[in-house]
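Only the coordinates and a few stated rules stand behind these numbers; no lab work does. Being a predicted model, the structure only gives us computed values, none of them experimental. As a convention, Cβ positions derive from the backbone with ideal geometry for all residues, glycine included, and neighbour counts pool all protein chains shown.
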Amino acid sequence: MRNVAIETHGLTKVYGSGHTEVVAMRDASLCVAHGQCVALIGPSGAGKSTFLTAVGLINPPTAGRILIGGRLVMEGPRALTNPRTFRRKHIGYISQKANLIRFLTARENVQVAMELNGESSRAARARALELLEYLGVRERAAGYPPELSGGEQQRVAVARALANRPSVILADEPTAALDGPRGRQVMELFRRVAHEQGAAVIVVTHDHRALDVFDTIYEMEDGVIRSGAAELSAASTFSGGKARP
Amino acid sequence: MNLARKDVWHNRGRFALTTLGLGTLLMIVMGMGGIYRGLTTEATQLVDKVGVELWVVQRGTRGPFAEISRVPKTLVDRVAAVPGVAEARAFVYHTIQRLRAGKPLRASVLGLDWPTDKGEWLPLSAGRPLAQAHFEMIADRSLGLTLGERLPLGKETYTVVGLTSGMSDPAGNGFLFLTLADSQAVQFDQSPEGIRLERQARRARAEQIDLGNTQPTMLERAAGPGSQLPALPPNQISAVMTRLAPGVNEAAVKATIDGWADVSVYTRADEAKMLLMGVVERSRRQLGLFRVLLTTVSGIIMALILYTLTMDKLHDIALLKLIGASNWVIVKLIMQQAIALGALGYAVAWLLGQKAYPYFPRRVILTPDDLLMLAGVVLGVSVVASLVGIWKALRVQPNVALLG
């Protein structure tokens with residue numbers, strides 16, 4: 001696979017010890033290329049979110065290695081880089097719940113991610129509005145999270161994840177709060193971002209109706225990544241450039 | 001983007017109420033400091049304003065303010081005769097409590113040595129100094145008397161001809177300035193029945209001695225007015241205030257008078273020290289203690305408020321960490337809020353105080369130095385109080401944002 005963005009080798013996560021020991025993830029290995037949009041499916045408790053938070057440097061694994069952009073960033077539970085700084089620069093994370101900062105408006109929620117990354121306030125504001133326009137929530141830019149619908153909140157969260165043009169986008173059931181058509185729109189958006197921006201996208205989902213938008217589908221069960229469907233052409237056609245949305 | 005400002009604005013109602021509560025508490029802390037300063041100023045203002053260098057009092061006493069002092073009025077002439085003394089004046093000082101319009105009127109009466117002293121040195125805010133030897137007085141505004149008001153004291157009625165502001169004794173009682181004779185008339189006023197009983201007692205004592213029985217005119221004299229009896233001293237004064245001629249060595253004059261066996265001499269600084277370290281010392285300590293306790297309580301309350309505010313946005317803080325915010329961003333968020341809370345609370349305290357302090361029972365004096373010091377303390381307390389919230393915020397993990 002060319003232009004590998006994410007590599008995981010033998011990721012294992014064990015919670016507790018002795019009688020209370022639970023293995024949430026076992027020897028999970030995966031490679032995702034730049035420009036590839038991957039779905040990770042599986043029953044509840046299969047370890048999908050554990051895998052995603054490990055790759056997002058949020059919840060370190062007990063064992064295994066994570067490389068992002070060819071750089072070893074995690075070896076076992078030990079981070080080899082500052083996880084927060086790395087996440088800010090390279091990873092966009094979208095959780096099941098929209099997870100917006102309550103005291104900031106929709107526009108500020110997107111803007112803050114860029115300002116934390118050193119962008120000027122003016123430039124960050126302009127790009128935040130651009131992203132909200134792109135995601136169809138421009139008119140809700142001044143609304144606070146409780147004033148937005150679930151779908152609007154989720155789209156703002158996606159805009160925030162895209163704000164710093166990350167090379168890796170991780171989404172944990174991003175369409176759970178959305179109806180069928182809107183859920184599909186979001187999935188197609190991820191595919192578009194992957195293909196247009198060259199980002200590596202991993203989406204954990206239960207929504208089997210939208211699986212056709214993904215380049216590759218992996219299944220996870222009992223903490224093990226069991227299978228990968230045939231890769232579609234998108235990854236191999238990625239040219240490596242970063243296009244603005 | 002200033003996250004602290006955004007959070008404060010979003011929760012402005014709660015923040016405003018919290019600030020108001022804290023401001024009220026700080027107003028009391030500020031007021032305590034003001035009362036402390038007022039107490040020390042009031043304690044020494046008479047000594048400072050009367051403009052004399054030496055106080056001559058009864059030997060062995062620390063009068064006339066810290067304790068009672070009684071000296072004969074002739075001491076004024078003795079002191080005036082000492083080389084280097086430009087002026088010697090009698091000083092009479094006592095406290096009265098009378099009823100005025102059904103309410104107690106408590107005042108310190110101070111006798112001015114008419115005609116040498118007419119009260120020109122007093123900081124009059126209305127009216128004039130005394131213009132006649134009897135039945136006029138100058139009153140402090142804190143007593144509630146008005147210009148031209150007539151107040152019965154003893155057997156006479158006195159008219160208020162002048163008003164001062166902020167002239168109070170160390171206990172906070174406003175001053176009444178009368179001529180020396182009038183102040184003594186008030187001090188030694190006796191009812192007719194009391195006078196009759198005293199004369200009868202003198203006659204009875206004279207009858208018990210041979211001289212009284214062999215000299216009938218003596219019994220008659222004993223039953224007459226006390227002022228006509230050479231054996232009885234005239235009314236005594238509290239002290240003699242002494243002003244020195246320019247260029248005279250104060251220590252030398254003091255040493256001269258101190259050599260007399262019946263008096264003690266104190267400088268202006270000695271009197272001020274006796275007042276601060278004696279008369280108002282306990283009050284000063286009490287106020288200081290309350291001030292420290294209230295500041296500590298304010299700090300604890302601020303810490304609790306900031307901790308609660310931090311706990312309320314723990315999820316947002318975890319989210320900020322999830323999107324890559326550094327610890328410094330989190331620390332700034334909490335500390336800026338703490339400083340804003342302290343600064344606004346301080347401003348509210350000052351504004352509330354401007355309205356409330358005039359109604360305080362004691363004089364409140366806010367000096368720039370005291371205000372600056374309190375501002376520094378509030379700033380320090382704000383920073384320290386934010387540490388608990390910061391500690392909690394720094395411990396929260398980013399994955400908390402993904403829970404629930």
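Restricted to region B:1-91, the set of helices (runs of 4 or more DSSP H) holding at least 3 residues that are away from chain A (no Cβ under 14 Å), over 31 Å from the mean Cα position of the chain (by Cα) and of a type outside the set (D, E, K, R) comprises B:12-49. Which residue, of B:G166, B:G162, B:G174, is of a type in the set (G, A, S), in contact (Cβ under 8 Å) with a residue 60 or more places away in the chain and crowded, with 18+ Cβ neighbours inside 10 Å? Only one candidate qualifies: B:G174.
Each row is one residue, and each column tells you yes or no for (1) of a type outside the set (V, I, T); (2) within 14 Å of chain A (Cβ to nearest Cβ).
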| position | (1), (2) |
| --- | --- |
| B:I305 | no, no |
| B:L319 | yes, yes |
| B:I323 | no, yes |
| B:A338 | yes, no |
| B:L341 | yes, no |
| B:L344 | yes, no |
| B:L351 | yes, no |
| B:G380 | yes, no |
| B:I390 | no, no |
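Between B:L309, B:L276, B:L287, B:L294, the distinction of being surrounded by 16 or more Cβ atoms within 10 Å (Cβ to Cβ) and either closer than 30 Å to B:T74 by Cβ or within 14 Å of chain A (Cβ to nearest Cβ) (or both) belongs to B:L309 only.
Among the listed residues B:E281, B:E271, identify the single one that is surrounded by 16 or more Cβ atoms within 10 Å (Cβ to Cβ) and charged (D, E, K, R). After ruling out the rest, the residue left standing is B:E271.
Return the only residue of A:V201, A:V137 being in contact (Cβ under 8 Å) with a residue 24 or more places away in the chain, more than 13 Å from chain B (Cβ to nearest Cβ) and more than 12 Å from A:A106 (Cα to Cα). Before the answer, list the steps.
Values: A:V137 fails: more than 12 Å from A:A106 (Cα to Cα).
Just one listed residue meets the conditions, A:V201.
Checking the structure you have, find out if any residue of region B:142-165 is closer than 23 Å to B:A43 by Cβ, in contact with a Lys or Arg (Cβ under 6 Å, 6 or more places away or on another chain) and assigned to a loop (DSSP other than H, G, I, E, B). Yes: one or more hits. With a requirement of 2 or more residues that are within 14 Å of chain B (Cβ to nearest Cβ) and touching a Leu at 6+ places or on another chain (Cβ under 7 Å), the strands (runs of 3 or more DSSP E) lying completely within region A:14-116 that satisfy it span A:91-94.
The condition (being in contact (Cβ under 8 Å) with a residue 60 or more places away in the chain and either closer than 20 Å to A:E221 by Cα or not small (G, A, S) (or both)) is satisfied by just one residue among A:L57, A:L104, A:L100, A:L11: A:L100. Within region A:159-175, which residues are away from every other protein chain (no Cβ under 13 Å) and surrounded by fewer than 21 Cβ atoms within 10 Å (Cβ to Cβ)? Matches in region A:159-175: A:R165, A:S167. Residues considered: B:A206, B:A222, B:A185. Of these, the only one that is closer than 30 Å to B:I138 by Cβ and surrounded by 15 or more Cβ atoms within 10 Å (Cβ to Cβ) is B:A185.
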